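Data block below; observations after.
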There are 2 protein chains.
Amino acid sequence: MRLLVATIWLVMALHAEPTLSLMPAPARVSLDKGKLTIDASFQVRITGHTDRHLQDAVTRFVVRLSRQTGIPMAGGGARPVLTIDCRGASPAWPVLGEDESYRLDIASTGALLSAATVTGALRGLETFSQLTAPDADSFSVPALHIEDHPRFSWRGLSLDVSRHWMPMPVLERNIDAMAAVKMNVFHWHLSDDQGFRVESKVFPKLHQLGSDGKFYTQAEVRRLIAYAAERGVRVVPEFDIPGHTSSWLAGYPELASAPGPFQIERKWGIFEPTLDPTRQEVYTFLDDFIGEMAALFPDPYFHIGGDEVLDTEWKRNPAIQEFCKKKGLNSTGELHAYFNKRVHALVAKHGKQMIGWDEVLQPGMPNDIVIQSWRGQQSLADAARKGYRGILSFGYYLDHLNPASFHYQIDPLGGAAKRLNEREAALILGGEACMWTEYVTEETVDSRLWPRAAAIAERLWSPANVTDVDSMYRRLASVSRWLDWTGVEHRSGYQHMLDRLAGGSPAPALRVLADVVEPLGIDQRQAARSYSRDIPLNRLVDAAQPESETVRLLGEAINRLVANPGVHREEAEEIRLAMSQWSANDRRLHPILAANVLLAEASPLSEDLSKAGSIGLRALQYLESGEPAPENWLQDQRLSLTQMEKPRAEVELAAVRPVKALLEALSRSGTKSDQSGGSRPNH
Amino acid sequence: MRLLVATIWLVMALHAEPTLSLMPAPARVSLDKGKLTIDASFQVRITGHTDRHLQDAVTRFVVRLSRQTGIPMAGGGARPVLTIDCRGASPAWPVLGEDESYRLDIASTGALLSAATVTGALRGLETFSQLTAPDADSFSVPALHIEDHPRFSWRGLSLDVSRHWMPMPVLERNIDAMAAVKMNVFHWHLSDDQGFRVESKVFPKLHQLGSDGKFYTQAEVRRLIAYAAERGVRVVPEFDIPGHTSSWLAGYPELASAPGPFQIERKWGIFEPTLDPTRQEVYTFLDDFIGEMAALFPDPYFHIGGDEVLDTEWKRNPAIQEFCKKKGLNSTGELHAYFNKRVHALVAKHGKQMIGWDEVLQPGMPNDIVIQSWRGQQSLADAARKGYRGILSFGYYLDHLNPASFHYQIDPLGGAAKRLNEREAALILGGEACMWTEYVTEETVDSRLWPRAAAIAERLWSPANVTDVDSMYRRLASVSRWLDWTGVEHRSGYQHMLDRLAGGSPAPALRVLADVVEPLGIDQRQAARSYSRDIPLNRLVDAAQPESETVRLLGEAINRLVANPGVHREEAEEIRLAMSQWSANDRRLHPILAANVLLAEASPLSEDLSKAGSIGLRALQYLESGEPAPENWLQDQRLSLTQMEKPRAEVELAAVRPVKALLEALSRSGTKSDQSGGSRPNH
């Protein structure tokens, strides 16, 4: 019987899905008939357990619902519209493995949100918000039943605030966005070669000499932790040692493996300055430092980094070499392991569990550490087999600017982890999206995170079989808009940057171009030119959005048209309009580009966009007329488009993709070998 | 000799003007050759007078410049790029008539900003910011000399926070925007029938029973005054008496002219509840209240409203009638004058000068009051002839949603004031843009204020002969974008509202429609349907921007094309693209509108937009081919377009204007009487 019910749920969920814009998709949905109207009489009643935490969350929820609908909600209705039945409190700070499940029963007469914990209720409120939409009669949520719980208990976002400083409001609005898609760990990468970003009262030269004045006070840290906790988000600090420590050594050169002096790095890369793992004073320092930070950050997990340790200084320092010999450490790898074990003891002494990047998985490490894998799924599977818990970040590096679909297909239990047994698989706690900020500023970070991070959030929350990419994109488009006007600025900041690039004057033609280019990721940008912290990130590549929605939607229209050219007149019209606009765009844009130092580099892209538009228009004519395209014309255009695919100005011309798709459709529908066709002018 | 110099300046200014996007236009500009580069080495030196006020302003200026250019500015250059030479401090609080002049000398080697006061330096810094733009080589400001000073000393913006509550961040960002266009008075309309919005410690029932909990604490008031003062903006409070006082009487019914009880009004209109001007206890109350507020607000001016006093309650109350008889007051107008004189004495007792709306100009009023005219330029001129100072708001009511050009042509010394002699004209202190918020929420207020308020700011600051409307619009487009990404959200909030209207899904077709409709102003909206505070302002009319930039730019392109059809191929292409997009738009938009309660009302507009696009396409064909359009076809289309001009869904279809312009051009170029033309299908 239980099996039958489950089957019905699943079938209904699959049928129902296309009408809901939920992200992450809930574990189980069944749609009912009807809907619950949301109007000015909307009010919430809390039954069962209540506390300040829940009440504040409800207040925020109603305020946002009011903004979302535009309806002033003064309450005062005769009866509650939404009842929250919460069975107990959440701990003072959110903890790993807390019950985050909730159940949402919505009927035309009212809604009931039930949860075991306040955190579960928070997750359910986010679902309710996402369900609220205008329909033909009113604002409403559909009548339905949702039973929902996360697949993984660790659903994180890691943010590097060292390479580029991120002010408090940036962090706050991104934590709002995380909570909106049910992410629950904010991994705060607080130190690196380019900056030490938190006030230390015990070792004040850390922030005084290591931050250029850009650091969070301890009061701000506490405020952010509280802010996150109110939203059911844990804050895990990372202090990356023993490498990535130039900023520490600026103030405390005596901790280094080389004589110094040291200074904050202004460039990007992996640098030599490294803590000396052979001297007691380093461990005494770390003992006091970890003690201070362990008291500041309530979360039981403490990230010590441990990645990309260059051993140049270790090899160069005779005292270190001597130490290794004496201790029987046969490689710098073993020395690193020695260091990690001692750090582990300090972390444990201060009541925390240690996390590190996959390099810290060395022979003999205690089994209570957590491995964060950035190098591959294999290392995570290996760790699990050895009994270590792990979280996946490989495949979730958002700074590489891959499409959402790329991240979406990476499963913490996929790849090498597929072959884990149940006990081993249970050690995979979840994953973390990562944002390294070499090419990301406070102005652009939102657009580098969102909406793509939401696809990862879904992978980590939703059942493993929720994998339909088209459905993901449809819902992503919706949640992206919703996130933008509730806080993060990935969409609204875009137009701002274009306005600025254009020097303030109206430049719709610049938007046309920017809408169809995609910025290169970190690897390609660092190859493209020499960057440092002082190079402004204020060009087209920085304004452009990682994944062109315009191109994606056009691609979908082309697919529909090609599948049935006779029927989709509307699609044909849409494609024609886009191609006409592109075709005419360079004439309008050229004078703007020529007069602007930041935009001059975009001239070849603009010319190519117009060429691509013209090719697309001609291809559409062939497709619609049914007249076969001349083979040599096709070949010429393919060649042109391939040349256009080469990145320039650190962006790719994504507009090429749909035009190529049109040509491919023509090829499939047959061609003719008419020589004259090749010389036909494109208009 | 002085005359000659002035002439040269003026000539150069006229020539130079098209290359600068300054708003308000400075009194005098002369362009030099060359430019001053703005890069990461940018730094400011203060010579002469310095104080915290100026230093904070410079810090804010550099932060904004860094955002504006995207360049991280750490200073550290070898020499200052901008030197500020300030001759003296400004008073603790900005005062009327302070010297706001400044001089800006920019050469390729550096810039010098000289000013008599810190406030003058602030104005100059805003000019410097507006001058900064990307050019073909770098970011730079042009080499030039500016001598600038305001034409009027009172350049205000009045904001009603009673009809709709405006949270602190809304006020702060709008004060930033005011300062950016050199406005210097924030007139805070703090009480009205619908809400009493400031905390009173003396009479706490005012805010407790009169505000629904939405009021500014005295700490917040002090904070806002300080915030404004830092930006050279005065804050003048208005407490509107004796009418418009329902919210006062909710807590203190004993002050009323009728028995009560009273409650906060939730609807819009003019209401009867009025203070009783015949009882001493009312004056005792006002004495204490004005004393409290006079201490809270440092500005020497105190606005007592005084407009739209209904005398129904006065006429109905026998005790009041008896009082009038006894005192020899022969009309309720005389009773109102009696009240105003006593209030004037109280205001003066607490060290303030009284301002009131033009109704307070009654026989026998002391000459030290200031008249704010909302009813016409005549009353201001009359007041000046009688020796009263005045400020103009007639013609500056932004809530009527007139185009910027409408407000721009209203001059405080124009109309009836033209015939004033010099001494009388000097009594006209300036003007104030007004925003009444019956149909404006915290979400839409920015778009109802900006960019149009900047045109009024220019009228009040710039020389009287700066009147070129095309130049104004060109510069307004630029300053509008600049204002948006420095704080106010009139542009970025627009897309948010459209996203929400569309229920979150991508709906470019909705944007196409919204871009070419214009919302109706207060008079027409109140006629359209019955509104109250509880009716959400979340429809197309609320999202749409008061003046369609798309339509304006298209109109300009049509003008150029029509002037010379053979030459402007680019314009023809632009017009064709727009008309094609409109023509195809309803097919794409219709399904969205039909499924959405908020948008269903827009269906006829969407249909008409497509019709208008088709007409425009056909008209363009005639125009380009040189073939005369059939007279009866022209007549039919004119009729169609005229029908489309009728507002629906509380918006006007502004797209009709450029299509009409095309038809008019066709009419002028001659027609033919070919009957068959009339039945030609539009595509």
Problem - Count - residues of the stretch B:523-546 that are closer than 27 Å to B:Gly395 by Cα, out of contact with any Leu (no Cβ under 7 Å at 6 or more places or on another chain), more than 8 Å from every other protein chain (Cβ to nearest Cβ) and not in a helix (DSSP H, G or I) - result: 6
Practice task
Would you be able to say whether some residue in the stretch B:638-648 is closer than 26 Å to B:Arg529 by Cα and of a type in the set (Lys, Arg)?
Solution key: yes
Exercise for the section: May I ask you to verify whether B:Gly503 is at pLDDT below 90 and at positive phi? Expected result: yes
Practice task
Could you check A:Lys182 against (1) within 30 Å of A:Ser532 (Cα to Cα); (2) away from chain B (no Cβ under 14 Å) and say which number it fails?
Solution key: (1)
Practice task
Among the numbered conditions (1) under 17 Å from B:Phe203 (Cβ atoms); (2) touching a Ser or Thr at 6+ places or on another chain (Cβ under 6 Å); (3) not hydrophobic (A, V, I, L, M, F, W, C), tell me where B:Asn317 comes up short.
Solution key: (1)
Handout entry: Considering residues of the stretch A:293-315 that are among the acidic types (Asp, Glu) and assigned to a loop (DSSP other than H, G, I, E, B) only, the residue modelled with the highest pLDDT
Key = A:Asp299
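Where in the stretch A:181-260 are there helices (runs of 4 or more DSSP H), lying fully within it, with 1 or more residues that are out of contact with any Gly (no Cβ under 9 Å at 6 or more places or on another chain)? Spell out the reasoning first.
Numbers: elements: A:205-210, A:218-230, A:246-251.
Passing ranges, in order: A:218-230.
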Fill in the blank from the handout: Heads up, the helices (runs of 4 or more DSSP H) in the stretch B:449-522 (entirely inside) with at least 2 residues that are within 14 Å of another protein chain (Cβ to nearest Cβ) and surrounded by fewer than 21 Cβ atoms within 10 Å (Cβ to Cβ) are B:469-486, B:492-501, B:508-514
Fill in the blank from the handout: All conditions in (1) within 11 Å of another protein chain (Cβ to nearest Cβ); (2) surrounded by 17 or more Cβ atoms within 10 Å (Cβ to Cβ); (3) not small (Gly, Ala, Ser) are true of B:Leu617 except (1)
Handout entry: Criterion (among the hydroxyl-bearing types (Ser, Thr, Tyr), under 25 Å from B:Pro463 (Cβ atoms) and in a strand (DSSP E or B)) met by exactly one of B:Ser114, B:Ser129
Key = B:Ser114
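Can you name every residue in the stretch B:627-652 that is surrounded by fewer than 20 Cβ atoms within 10 Å (Cβ to Cβ) and out of contact with any Ser or Thr (no Cβ under 8 Å at 6 or more places or on another chain)?
If we filter the stretch B:627-652 for residues that are surrounded by fewer than 20 Cβ atoms within 10 Å (Cβ to Cβ), which is where we start, we get B:627-628, B:631-632, B:635-636, B:638-640, B:642-643, B:645-648.
Selection gives B:Glu627, B:Gln635, B:Asp636, B:Arg638, B:Leu639, B:Ser640, B:Thr642, B:Gln643, B:Glu645, B:Lys646, B:Pro647, B:Arg648.
From the list B:Ala507, B:Ala544, B:Ala528, B:Ala502, exactly one residue is in contact (Cβ under 8 Å) with a residue 60 or more places away in the chain and either in contact with a Ser or Thr (Cβ under 9 Å, 6 or more places away or on another chain) or of a type in the set (Lys, Arg) (or both). Which is it? Quick ask: steps written out before the conclusion?
Values: B:Ala507 fails: either in contact with a Ser or Thr (Cβ under 9 Å, 6 or more places away or on another chain) or of a type in the set (Lys, Arg) (or both); B:Ala528 fails: either in contact with a Ser or Thr (Cβ under 9 Å, 6 or more places away or on another chain) or of a type in the set (Lys, Arg) (or both); B:Ala502 fails: either in contact with a Ser or Thr (Cβ under 9 Å, 6 or more places away or on another chain) or of a type in the set (Lys, Arg) (or both).
From the options B:Ala507, B:Ala544, B:Ala528, B:Ala502, the qualifying one is B:Ala544.
Tally up the residues in the stretch B:247-273 that are closer than 21 Å to B:Lys326 by Cα and surrounded by 21 or more Cβ atoms within 10 Å (Cβ to Cβ), please. Write out each step before concluding.
First pass over the stretch B:247-273, keeping only residues closer than 21 Å to B:Lys326 by Cα: B:255-258.
Checking which are surrounded by 21 or more Cβ atoms within 10 Å (Cβ to Cβ) leaves us with B:255-257.
Residues in the stretch B:247-273 being closer than 21 Å to B:Lys326 by Cα and surrounded by 21 or more Cβ atoms within 10 Å (Cβ to Cβ): 3 in total.
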Exercise for the section: Go over the candidates A:Arg52, A:Arg28 one by one and state the one that is loosely packed, with under 15 Cβ neighbours inside 10 Å and modelled with pLDDT of 65 or more. Expected result: A:Arg52
Practice task
Looking at (1) part of a loop (DSSP other than H, G, I, E, B); (2) over 14 Å from B:Arg155 (Cα atoms), find the lone condition where B:Ser379 falls short.
Solution key: (1)
Problem - Among (1) part of a loop (DSSP other than H, G, I, E, B); (2) touching a Ser or Thr at 6+ places or on another chain (Cβ under 9 Å) - the single one A:Gln362 does not satisfy - result: (2)
Exercise for the section: Kindly list the number of the only condition in (1) under 26 Å from B:Gln208 (Cα atoms); (2) part of a helix (DSSP H, G or I); (3) without any contact (Cβ under 8 Å) to a residue 60 or more places away in the chain; (4) not aromatic (Phe, Trp, Tyr) that fails for B:Gly333. Expected result: (1)
Completion exercise
A careful count of residues in the stretch B:382-395 that are surrounded by fewer than 20 Cβ atoms within 10 Å (Cβ to Cβ) and not in a loop (DSSP other than H, G, I, E, B) gives 2
Completion exercise
For the stretch B:414-428, the count of residues that are surrounded by fewer than 20 Cβ atoms within 10 Å (Cβ to Cβ) and within 17 Å of B:Ser462 (Cα to Cα) equals 3
Practice task
Mind telling me which of the residues A:Ser129, A:Ser108, A:Ser114 ends up being within 14 Å of chain B (Cβ to nearest Cβ) and hydroxyl-bearing (Ser, Thr, Tyr)?
Solution key: A:Ser129
Practice task
Could you figure out which of (1) among the hydrophobic types (A, V, I, L, M, F, W, C); (2) buried (at least 22 other Cβ atoms within 10 Å of the Cβ); (3) at pLDDT below 95 isn't true of A:Leu398?
Solution key: (3)
Exercise for the section: Just one of (1) away from every other protein chain (no Cβ under 13 Å); (2) surrounded by fewer than 23 Cβ atoms within 10 Å (Cβ to Cβ); (3) assigned to a helix (DSSP H, G or I) trips up A:Val567, so point out which. Expected result: (3)
Handout entry: Only one of B:His164, B:His187, B:His145, B:His207 that is in contact with an Asp or Glu (Cβ under 9 Å, 6 or more places away or on another chain) and within 30 Å of B:Gly34 (Cβ to Cβ)
Key = B:His145
Exercise for the section: Please specify each residue of the stretch A:134-164 satisfying the condition of being out of contact with any helix residue (DSSP H, G or I) (no Cβ under 9 Å at 6 or more places or on another chain) and not in a loop (DSSP other than H, G, I, E, B). Expected result: A:Ala143, A:Ser158
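Would a scan of the stretch B:584-598 turn up a residue that is part of a loop (DSSP other than H, G, I, E, B), away from every other protein chain (no Cβ under 13 Å) and either at pLDDT below 95 or crowded, with 17+ Cβ neighbours inside 10 Å (or both)?
Here is the first cut: in the stretch B:584-598, the ones part of a loop (DSSP other than H, G, I, E, B) are B:595-598.
Going one step further and asking which of them are away from every other protein chain (no Cβ under 13 Å), we end up with none.
Scanning the stretch B:584-598 turns up no residue that is part of a loop (DSSP other than H, G, I, E, B), away from every other protein chain (no Cβ under 13 Å) and either at pLDDT below 95 or crowded, with 17+ Cβ neighbours inside 10 Å (or both).
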Handout entry: Test result for B:Ala557, within 11 Å of chain A (Cβ to nearest Cβ) and not in a loop (DSSP other than H, G, I, E, B)
Key = yes
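The values are calculated or read from the model by the stated rules, or taken from the named source; none is laboratory data. Nothing here was measured: the structure is a model prediction, and the numbers come from that model. All Cβ positions, glycine included, derive from the backbone under ideal geometry; neighbour counts span all protein chains shown.
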